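Quick notes on the structure that follows.
The values are calculated or read from the model by the stated rules, or taken from the named source; none is laboratory data. Worth saying up front: this structure is predicted, and the values here are computed from it rather than measured. Backbone-built Cβ (ideal geometry, glycine too); neighbour counts: all protein chains shown. SASA here: full protein model, heavy atoms, side chains in, ligands and nucleic acids out. Shrake-Rupley method; radii C 1.70, N 1.55, O 1.52, S 1.80 Å.
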Amino acid sequence: MEEEFAQGGFLSPEEHMQEYLELFLLLQQGEEAFAAFARRCGRLEEREQKTDIFLPALYLRECFQLNRLEYWTVMFAFCLELEEGLGLNYRKKYGSRSPGLSYVLQLLSPVFPADFAFVARFCGGKGALRDILELLPERAGGEQESLLLRPLRLYPAAFFFLLTGELPEQSWYQLFPGEEEEEPEELLPLHEREYKRLCAYLEEEGPLRLLLRGREGCGCRTLLRRACLELCESVVFVKTEGLPGIQESAFLQAVQSLRLMVRLFGVIVVLELGEGLSAALSEEDAKIRELFSRLGNSRLCLLVRTGEQAGRFAGYADVTLALQEELTGAEKRLALDARLGQEQRRPWQETCLDNCALNMGELKKRLNRILLLAKAEGLSAADPQVWETSMRAGQEPSALGRLIQERYQAEDLILPEECRRQLDTVIRLAKVWRGEKGLQLMFHGSSGTGKTMAASVLAGQLQLPLFKVDLAQVFDKYIGETEKHVDEIFRMARRNHYLLFFDEADALFAKRTAVRDSHDRYANVSAAYLLQRMEEYDGILILATNLRDHFDDAFVRRIRFVIKFRSPDRKVRERLWRKALERELPVDRSVDYGALADAAELSPARICAAARVAGLLAVCGGNGAVTGDHIREALELEAGKDETVVRGF
């Protein structure tokens, strides 16, 4: 009965490993045990053939195509870590050292003879064992030692797989198997053209070097997962930021874990760079170069987030795919239908999102805020007030600037006709801008001519948060700090999809100074670095200045559109006075707006300031209407700021 049971298949991986452990203990008894060892080996192999359950050791042997000697060497290394007593005879004979490959070859040679070709292949780094065994040097002081004498040990990932049939979880990677039963709900069918091309690339046999570009949240990971599910392929996403430094031994272990995944599961390896790596690309370059070299003939995808990264790593790729940064109207509708459902869907929601330049990640965040706010307030997600509140929420604070909350409509902005036409054109272009790079604008003109207000109108039309950069906080006297602040601004702008507004930008891009000392050199370097980040920014930014002539011409040539905000003529001043005075209080019929426009050549901001003072004087007088006397008093106060001449009012 015992002999009959012995000829059946293994009932568990633990039983399978126990059999190997007993065989190795038997083999160490010497020549008298060789015959018994050979018989038990034959029975073991028969049982393995009859086993129906998954045995990690056999799966590893098949994937790596190990011959008998290689396989038994791996099993000895595994059993050696499981049972410390297995190396007892070796330690008694040779001291405290752990067994090496030479000892295993000597031990197995009576039953599995080793030839010189096997040893040469292993020592030359071409054998399959080099991906499984971690042969650590034991001698101190950097003294070199033969590979055959180094302590025998499995790479941690290989040991864990033989023990559990799975790979250990690590913070730097995320593995998605290709045999999921159904497609997850969040994998919406977006970027269909790129999806078809990606599937075609992945279906080809042999190595693949693909560069995929797209901002965080635009759907790169989703696209890769969809394609891999369609093709029943496993995919592993590797965050390069989370990998150990290239000089650390843990980096080699990480590489071997990836090689193991490729051999065991045929995974597609996706190396994912973060958006904030601009200042550390040289270190990432070394990691990427080493990974591409060591992963050999596997299928590799390099996922980059910025234009700078794409340019830096383009040489690694055979083919390139770039995803559209923003969702189309149809894709927004698809996401709304999937996230809200019929009971909370309204046609006006699509209109609300029409002018929003959003990718899928950003849209999901906004919809999540809407749903959470609706639940907290006991309202429906179809309530317009919930949408208005949540669309403005969730912006992160920063010491480097502030969000401008004041929003103006186009009709609030009174400009000379030429300036109005140019601004309207820029607004239309900004709504459909799909350039490889972002959109850079310059607003220049005297103080108070409407530059900040125009920036607010543009942000409102595009439904983007307007972030005004505080230049005093950006520039720092300590070398390197300014660059850090600039990086932080643009990373934050990408995360939140800000429209960036640099007021008094002539302080940034004044004509470059002659280098008289290290401070001048540093100022020029800081300005050049800021210009570089501006060109790489894929959003919209505005430079506002009162001193256009102070700008370096080389900087101006790189700006996409330049709009001059001229001082208002008489006709425009008349409209400004009428709108500003009649905003809150009635105005006495005797007020002559034409004469008021002729009285002083004030900017729009100063006209609004004088009108507010006139309204306050009317309230103080208690008659409830603004009179010519109130306006005259207010005008004299405003003109006194710079001794502006007031004529005949």
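The table that follows gives values for the structure above.
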| read-out | value |
| --- | --- |
| Search result, residues across region 323-351 that are touching a residue at least 60 places away in the same chain (Cβ under 8 Å) and surrounded by fewer than 17 Cβ atoms within 10 Å (Cβ to Cβ) | Gln324, Leu334, Ala338 |
| Test result for Ala335, closer than 24 Å to Asn496 by Cα and aliphatic (A, V, I, L, M) | yes |
| Subset of region 27-55 that is free of Cβ contacts under 8 Å to residues at least 24 places away in the same chain and surrounded by 14 or more Cβ atoms within 10 Å (Cβ to Cβ) - its residue that is nearest to Arg91 (Cα to Cα) | Ala33 |
| Residues within region 525-551 that are charged (D, E, K, R), under 21 Å from Thr482 (Cβ atoms) and either in contact with a strand residue (DSSP E or B) (Cβ under 6 Å, 6 or more places away or on another chain) or open to solvent by 10 Å² or more (accessible area, probe 1.4 Å) (or both), tallied | 2 |
| Filter pass, Thr351 being at pLDDT below 80 and hydroxyl-bearing (Ser, Thr, Tyr) | yes |
| Candidate set: region 372-399, residues that are among the aliphatic types (A, V, I, L, M), buried (at least 16 other Cβ atoms within 10 Å of the Cβ) and modelled with pLDDT of 80 or more; chosen: the one farthest from the chain's Cα centre (by Cα) | Ala382 |
| Close pairs from region 547-568: first within 30 Å of Gly594 (Cα to Cα), partner assigned to a loop (DSSP other than H, G, I, E, B) and of a type outside the set (S, T, N, Q), Cβ under 8 Å, at least 6 apart | Phe565/Leu415; Phe565/Gly450; Arg566/Pro416; Ser567/Glu601; Pro568/Ile414; Pro568/Leu415; Pro568/Pro416 |
| Which listed residue, of Ala250, Ala310, Ala286, Ala254, is open to solvent by 10 Å² or more (accessible area, probe 1.4 Å), outside any loop (DSSP other than H, G, I, E, B) and either free of Cβ contacts under 8 Å to residues at least 12 places away in the same chain or under 30 Å from Leu66 (Cα atoms) (or both) | Ala250 |
| Helices (runs of 4 or more DSSP H) wholly inside region 417-503 containing at least 2 residues that are in contact with a helix residue (DSSP H, G or I) (Cβ under 9 Å, 6 or more places away or on another chain), open to solvent by less than 10 Å² (accessible area, probe 1.4 Å) and in contact (Cβ under 8 Å) with a residue 24 or more places away in the chain | 417-432, 451-462, 481-496 |
| Search result, residues across region 89-101 that are part of a helix (DSSP H, G or I) and crowded, with 16+ Cβ neighbours inside 10 Å | Asn89, Tyr90, Leu101 |
| Residue tally, condition in a loop (DSSP other than H, G, I, E, B), under 50 Å from the mean Cα position of the chain (by Cα) and of a type in the set (Lys, Arg), over region 578-594 | 1 |
| Residues being among the hydrophobic types (A, V, I, L, M, F, W, C) and either exposed (fewer than 14 other Cβ atoms within 10 Å of the Cβ) or modelled with pLDDT under 90 (or both) - total across region 9-22 | 1 |
| Flag if Ala554 is surrounded by 20 or more Cβ atoms within 10 Å (Cβ to Cβ) and either within 46 Å of the chain's Cα centre (by Cα) or modelled with pLDDT of 85 or more (or both) | no |
| Residue tally, condition in contact (Cβ under 8 Å) with a residue 24 or more places away in the chain and over 21 Å from Gly448 (Cβ atoms), over region 627-641 | 2 |
| Which numbered condition Arg197 misses (of (1) surrounded by 17 or more Cβ atoms within 10 Å (Cβ to Cβ); (2) modelled with pLDDT of 90 or more) | (1) |
| Failed condition for Val238, given (1) of a type in the set (A, V, I, L, M, F, W, C); (2) part of a strand (DSSP E or B); (3) exposed (fewer than 13 other Cβ atoms within 10 Å of the Cβ) | (3) |
| Neighbours by Cβ (under 8 Å, 6+ apart or cross-chain): first from region 63-77, free of Cβ contacts under 8 Å to residues at least 40 places away in the same chain; second open to solvent by 20 Å² or more (accessible area, probe 1.4 Å) | Tyr71/Arg61 |
| Where Tyr529 falls short, out of the listed (1) in a helix (DSSP H, G or I); (2) modelled with pLDDT of 80 or more; (3) within 22 Å of the chain's Cα centre (by Cα) | (2) |
| Matching entry among Glu145, Glu166, Glu183 (being modelled with pLDDT of 75 or more and on the phi < 0 side of the Ramachandran plot) | Glu166 |
| All positions within region 60-88 that are in a helix (DSSP H, G or I) and open to solvent by 70 Å² or more (accessible area, probe 1.4 Å) | Arg61, Glu62, Arg68, Glu81, Leu82, Glu84, Leu88 |
| Filter result for the condition that a residue is outside any strand (DSSP E or B), surrounded by 21 or more Cβ atoms within 10 Å (Cβ to Cβ) and over 20 Å from the mean Cα position of the chain (by Cα), over Cys232, Cys218, Cys228 | Cys228 |
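A quick yes/no check of all residues on (1) buried (at least 17 other Cβ atoms within 10 Å of the Cβ); (2) free of Cβ contacts under 8 Å to residues at least 60 places away in the same chain; (3) touching a strand residue (DSSP E or B) at 6+ places or on another chain (Cβ under 6 Å); (4) not charged (D, E, K, R):
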residue	(1), (2), (3), (4)
Lys571	no, yes, no, no
Leu576	yes, no, no, yes
Asp588	no, yes, no, no
Ala595	no, yes, no, yes
Cys608	yes, yes, no, yes
Ala614	yes, yes, yes, yes
Cys620	no, yes, no, yes
